[in-house]
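Let me begin by presenting the structure, written as structure tokens, before commenting on it.
The values are calculated or read from the model by the stated rules, or taken from the named source; none is laboratory data. Small disclaimer: the values here were computed from a predicted structure and weren't measured. Here the Cβ is made from the backbone with ideal geometry for all residues, glycine too, and neighbour counts use every protein chain on show.
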Amino acid sequence: MNKKFSIKQFQLRFPDNDACLEEIKQLRFGDSLECPKCKKENKFYKVSGRAAYACAYCGHHIYPLKDSIFDHSSTELKSWFYAIYLMAQTRAGISAKQLERELGVTYKTAWRMFHQIRQLMAIDGSLLTGEVEVDETYLQPRPYMKKKLNPTHRLGSNYADNSKIVFGMVERGGRAKLKHVKSNGARVLQPEIGQNVQKNTTIYSDEWSSYNKLEKMGYPHFTTNHRRQEFVKGNNHTQNVENLWSNMKRGIKGVYRHVDAKYLQSYIDEYAFRYSYRKTAPKYMFDLILSIVARPGSSYFFLGLVLFCGLTARLRILSKSVSAPLRPPDLMKALSSVSLGVGLLSLGIVKV
Ligand SMILES: [Zn+2]
């Protein structure tokens, strides 16, 4: 079977917006659809000029795009599909610049489309099992490395630059989860392992002290000593997570050049997704990403995100107010960010 998905095949399958809409209708409702109004299993016909289908019996309309990121989007469905096609074709990632060039949309629109798709690529919540390798990495040289490379380098303002630490958990032969973490300390890494790796799973890591208590937490734990150049010792290694690091770093440096710490999680979600589905052929990768992106509730994801950010800001203020008097500017900031987010969403501005 041909596992490639050429641009020609793509254009044949999705020649226009209607063909894309039909694909989403099939994804969401399948072949036989019971009309919610007349309760009969009928044929539905495309309503011309609208992203809707009408029941052949009673004329009731259904909207396949409802509550997905395509809903109310001013970008053509065909363009969205092409963006997903590009994402499915590449292993290293794809830049918004390329989409801007190929679709003729603005850079801002292209960036937002990728960002929205990427955010939905976040892997499912199920726990990692089997054999899991864990490791942390810095997306910029660590201060002491900088010093080593350039002895005259002064440990100045960058000294405490821990803004781009990524923690990786990789199932051998399986999935990966990547987290943008605030530090590589035990207080941060241990809870991440607790939340993402099933108890009794064997964990492999280096000898970093943050992993010292894994046995106590209920995980059989093996370590390699990198300082003694002990990188591979039989089954005891962290090669998989290190391979993922090199792919991720090559991609981020080569394709994205610069990734803002604010958006880092969505970029690394994309790499975790690609790693987890690395054995999926491009042909099926497209359908896989589309099925995730087209599902209902994807637009609520953004509403949820805005509310969550607002809520955490509020909680931070409340926890602060226990020890120090409440600062009105902080409260105003949190409230205004929540109301602005909700306002923008309701106006549909946040949508591409
Ligand atoms: Zn009907």
Checklist entry - Among helices (runs of 4 or more DSSP H) lying entirely in region 1-92, which contain 2 or more residues that are at pLDDT below 90 and more than 16 Å from the ligand (Cβ to nearest atom)? => result 77-89
Checklist entry - For residue 216, are the conditions met, namely being among the basic types (Lys, Arg) and in contact (Cβ under 8 Å) with a residue 12 or more places away in the chain? => result no
Next on the checklist: Based on this model, can you work out whether residue 275 counts as modelled with pLDDT of 90 or more, under 24 Å from residue 164 (Cβ atoms) and surrounded by 14 or more Cβ atoms within 10 Å (Cβ to Cβ)?
Outcome noted: yes
Checklist entry - Only one of (1) away from the ligand (no atom under 16 Å from the Cβ); (2) β-branched (Val, Ile, Thr); (3) over 30 Å from residue 244 (Cα atoms); (4) crowded, with 18+ Cβ neighbours inside 10 Å fails for residue 117. Which number is that? => result (3)
Item to check | Positions within region 57-96 being of a type outside the set (Gly, Ala, Ser) and closer than 13 Å to residue 114 by Cβ, in sequence order | outcome: 69, 75, 80, 82, 84, 85, 86, 87, 90, 94
Item to check | Test for residue 72: is it closer than 21 Å to residue 288 by Cβ, surrounded by fewer than 20 Cβ atoms within 10 Å (Cβ to Cβ) and not assigned by TED's automatic domain parsing to the domain that holds residue 255 | outcome: no
Item to check | Selected residue (only one of 77, 103, 27, 21 is buried (at least 20 other Cβ atoms within 10 Å of the Cβ), within 24 Å of residue 270 (Cα to Cα) and not hydroxyl-bearing (Ser, Thr, Tyr)) | outcome: 77
Checklist entry - How many residues are in contact (Cβ under 8 Å) with a residue 40 or more places away in the chain and either part of a loop (DSSP other than H, G, I, E, B) or of a type in the set (S, T, N, Q) (or both) when one looks only at region 279-295? => result 4
Item to check | Extreme residue, surrounded by the most Cβ atoms within 10 Å (Cβ to Cβ), among residues of region 249-262 that are at pLDDT below 85 and assigned to a helix (DSSP H, G or I) | outcome: 256
Checklist entry - So which of 246, 321, 336, 299 ends up being in a helix (DSSP H, G or I), of a type in the set (Ser, Thr, Tyr) and modelled with pLDDT of 80 or more? => result 246
